[in-house]
1. Evaluate segment 102-114: report whether one residue or more is of a type in the set (A, V, I, L, M, F, W, C) and within 17 Å of the chain's Cα centre (by Cα).
2. Checking L65 against (1) surrounded by fewer than 17 Cβ atoms within 10 Å (Cβ to Cβ); (2) farther than 26 Å from C5 by Cβ, only one condition comes out false. Which one?
3. Would you please name the residue that is nearest to Q168 (Cα to Cα), looking only at residues in segment 102-140 that are polar (S, T, N, Q) and assigned to a helix (DSSP H, G or I)?
4. Taking the options L16, L12, L32, name whichever one is surrounded by 12 or more Cβ atoms within 10 Å (Cβ to Cβ) and not in a helix (DSSP H, G or I).
5. Does segment 148-167 contain at least one residue that is under 30 Å from Q17 (Cβ atoms) and outside the structural domain of D6 (by TED's automatic domain parsing)?
6. List pairs: first in segment 7-29 and farther than 15 Å from V94 by Cβ and in the same structural domain as H40 (by TED's automatic domain parsing), second part of a loop (DSSP other than H, G, I, E, B) and not polar (S, T, N, Q), Cβ under 8 Å, 6+ apart or cross-chain?
7. Any chance segment 206-214 includes a residue that's on the phi > 0 side of the Ramachandran plot and either of a type in the set (A, V, I, L, M, F, W, C) or loosely packed, with under 10 Cβ neighbours inside 10 Å (or both)?
8. Working carefully through the options A44, A78, find the one that is surrounded by 11 or more Cβ atoms within 10 Å (Cβ to Cβ), in a helix (DSSP H, G or I) and either of a type in the set (S, T, Y) or out of contact with any Leu (no Cβ under 9 Å at 6 or more places or on another chain) (or both).
Amino acid sequence: PDLMCDILSMSLNTGLQLGQVMEERYYYFDSLTDEIALAHAAYARRKRANGVMDFDDLLTQWLRLLRENSETRESFQARFQFILVDEYQDTNQVQCELIDLLGGRHHNIMAVGDDSQSIYSWRGANFRNVLEFPDRHNGTQVFKIETNYRSTPEILDCANAVIAANTQQFKKVLAPVRDSGMKPALVSCNDANQQAEFIAQRVLELRDEGMPMEGIAVLYRSHFHALELQLEFTRRNI
């Protein structure tokens with residue numbers, strides 16, 4: 001049920017047809033597209049019958065209201081003369097259009113975001129909302145914030161090298177404030193299983209070197225990437 005909700009939510013928040021979402025993001029369940037579409041329709045009927053909405057409906061139905069009802073749209077546009085949006089790189093298509101509509105009268109929108117650190121594509125976020133902002137809003141001024149207070153020079157050297165390869169970006173070079181620290185290490189693995197084995201082995205090595213287990217963390221981009229690692233940790237009693 002959770003996966004089905006994720007699939008339906010992705011379709012709603014990106015504005016993509018269910019079939020396209022299945023083909024591009026959940027291709028391993030592509031054969032179930034028709035069944036999922038039927039379940040979605042039944043779910044929508046049940047919500048209407050009970051007069052309830054879920055979180056996605058709160059956004060999509062509000063967007064529909066602003067699109068179709070000029071009186072409501074103009075009322076909200078007059079109410080909010082200035083709009084500030086933080087973490088703009090993590091907005092999805094619905095949220096982006098909502099912001100554009102709300103700011104459609106005064107065009108006083110400040111969008112704060114970093115096109116190089118969008119990490120919520122798994123729930124429909126699109127970093128292009130940042131890149132295309134000046135195209136949607138004439139007269140946009142872009143202010144670059146390139147001083148970094150969080151990371152060491154070694155980490156920023158690595159980040160700058162990776163960011164420089166982006167084909168779509170606002171050009172920037174991050175400058176550190178902190179002193180030097182350890183260099184990041186890059187380990188190339190053949191597949192997810194080998195990666196899980198390496199991480200588990202390294203965790204045990206750090207433990208044997210005196211590092212407390214609660215002082216070790218594993219970060220991963222998407223939750224499904226953790227499956228092999230969880231299995232390997234279980235196998236090694238970690």
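The values are calculated or read from the model by the stated rules, or taken from the named source; none is laboratory data. Model, not experiment: these values are computed from the prediction. We place every Cβ from the backbone using ideal geometry, glycine too, and count neighbours over all the protein chains shown.
1. The answer is yes, given that some residue of segment 102-114 is of a type in the set (A, V, I, L, M, F, W, C) and within 17 Å of the chain's Cα centre (by Cα).
2. (2)
3. If we take residues in segment 102-140 being polar (S, T, N, Q) and assigned to a helix (DSSP H, G or I), then N129 is nearest to Q168 (Cα to Cα).
4. L16
5. Yes, segment 148-167 has at least one match.
6. Partner pairs satisfying both residue conditions: I7/Y26; E24/L16.
7. Looking through segment 206-214, at least one residue is on the phi > 0 side of the Ramachandran plot and either of a type in the set (A, V, I, L, M, F, W, C) or loosely packed, with under 10 Cβ neighbours inside 10 Å (or both).
8. A44
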